[in-house]
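What follows is a single structure, written as structure tokens, with notes after it.
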Amino acid sequence: MLCFRLWIYENINRTATSEPIQLGYVDFVPQCLNPGEKHSIFESLPVLYERINNILLNRPLEGKIHTIDTVNIKIGKAFWKENIQHVGQINSRQSSWYDEYQTYTLKITRLFYICGAAFPELIGSVDFLPEQTREAGWFSYGKFAPFSELMQQASNWIKNSNGLHIKNIHTLDTLFQHSSGKALDPQMTFDERFETGIRVLYLRVSYTTQAPNMPWNPPPPPPIISCKTFVPVVGSTIDGCCYNMPIFENMVETVERIIAWFNASGAKVLHAEIGSVVRFPQLAEPVSPENTMSLHSEWVLAGKNKVPTRHSLVYIIRYVSH
């Protein structure tokens, strides 16, 4: 099930007589280039953005873009083949999908905007991938630079992004095919067999830019940005037959710690997001927000009978601030 979480903060510039803010959104789904064929091919992100910008030029949104989001829609393989593959289309407004061990993922672009007068503007993005610091071998999966280095790359780029209005910074992942030697490709909008292979995290910085012959006065880029990751704290454990099961604090308790940190630091939020990390209860290692490579997806074939079983997931919260 896909849920919507709205991050809010107090706006000290608003008054009791200020007009209420209304939020709108519009979805853009990558087009399937070969509907009905066995292996679906969808248009790439640059082609999708070009199509979106052509639409925005001819029919501007009734308001200013607030966030440019990449939404992962994961669909079970059986459901995909029975209901979607022959037409090559999905309903992006559907909030629940049948999930299973074998899963396809389609990445759609969702624009949130503050309703108001039409304001022509174009969208764009730039991706930052971690450097591979150790090549994969016969018995190893290689190694990638930590998440903090990704954030530093993005910060350096944003600092020099004059003329652009930075909207949000999003953490995504892409398939790493170490056996084929293919490079990471963040421009793909469709993944087959999500449960197999290694996933590598990357950062996407989304922005708006000036439409032709339109006035444009974006705010100056922030001089530096930083990322603070909050990992749920283990409060207690439950004795198991082979290992102790950790009991994590809930989301409300984590948010209370976040608010205390913001009050103490005075940081200004640029973007907030929730991510998931696979955790093995039998291992004592703490969850590390610095890892950019995951050897495991949400599913695993467990036991002698290879029964599809979900891994345990820990949800972390990342704040990008300036």
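The values are calculated or read from the model by the stated rules, or taken from the named source; none is laboratory data. What you see is a predicted model, and the numbers here were worked out from it, not measured in a lab. Because the Cβ atoms are built from the backbone with ideal geometry, glycine has one as well, and the counts that use them run over all protein chains shown. Just so you know, the surface numbers come from the protein's heavy atoms only, side chains and all, with ligands and any DNA or RNA stripped out. Shrake-Rupley method; radii C 1.70, N 1.55, O 1.52, S 1.80 Å.
I'd like to know if segment 22-33 contains one or more residues that are acidic (Asp, Glu) and open to solvent by less than 40 Å² (accessible area, probe 1.4 Å).
Yes, that holds for at least one residue.
Tell me, yes or no, whether segment 270-278 has at least one residue that is at pLDDT 85 or above, in contact with a Pro (Cβ under 9 Å, 6 or more places away or on another chain) and surrounded by 14 or more Cβ atoms within 10 Å (Cβ to Cβ).
yes
Taking TYR9 as the residue in question, decide whether it is touching a strand residue (DSSP E or B) at 6+ places or on another chain (Cβ under 7 Å), among the hydroxyl-bearing types (Ser, Thr, Tyr) and in a loop (DSSP other than H, G, I, E, B).
Criteria met by TYR9.
Six or more apart or on different chains, Cβ atoms under 7 Å: show the pairs whose first residue is in segment 304-322 and within 18 Å of ASP99 (Cα to Cα) and assigned to a loop (DSSP other than H, G, I, E, B) and whose second is acidic (Asp, Glu) and open to solvent by 70 Å² or more (accessible area, probe 1.4 Å).
Listed pairs, sorted by first residue: none to list.
For segment 292-307, which positions are at pLDDT 80 or above and surrounded by fewer than 16 Cβ atoms within 10 Å (Cβ to Cβ)?
LYS304, ASN305, LYS306, VAL307
Given the structure, is SER18 modelled with pLDDT under 90 and more than 30 Å from PHE262 (Cα to Cα)?
In short, no.
Would you tally the residues in segment 72-100 being loosely packed, with under 14 Cβ neighbours inside 10 Å and either aliphatic (A, V, I, L, M) or at positive phi (or both)?
2
Could you look through segment 185-217, keep only residues that are open to solvent by less than 70 Å² (accessible area, probe 1.4 Å) and polar (S, T, N, Q), and pick out the one that is modelled with the lowest pLDDT?
Once the filter is applied, the top-ranked residue is THR196.
Given the criteria over 22 Å from SER276 (Cα atoms), open to solvent by 60 Å² or more (accessible area, probe 1.4 Å), out of contact with any Lys or Arg (no Cβ under 9 Å at 6 or more places or on another chain) and at pLDDT 85 or above, does LYS182 qualify?
no
Being in contact with a Phe, Trp or Tyr (Cβ under 8 Å, 6 or more places away or on another chain) and modelled with pLDDT of 90 or more is the filter here; which residues of segment 132-177 pass it?
The answer is LEU150, GLN153, ALA154, TRP157, LEU164, HIS165, ILE166, LYS167, THR171, LEU172.
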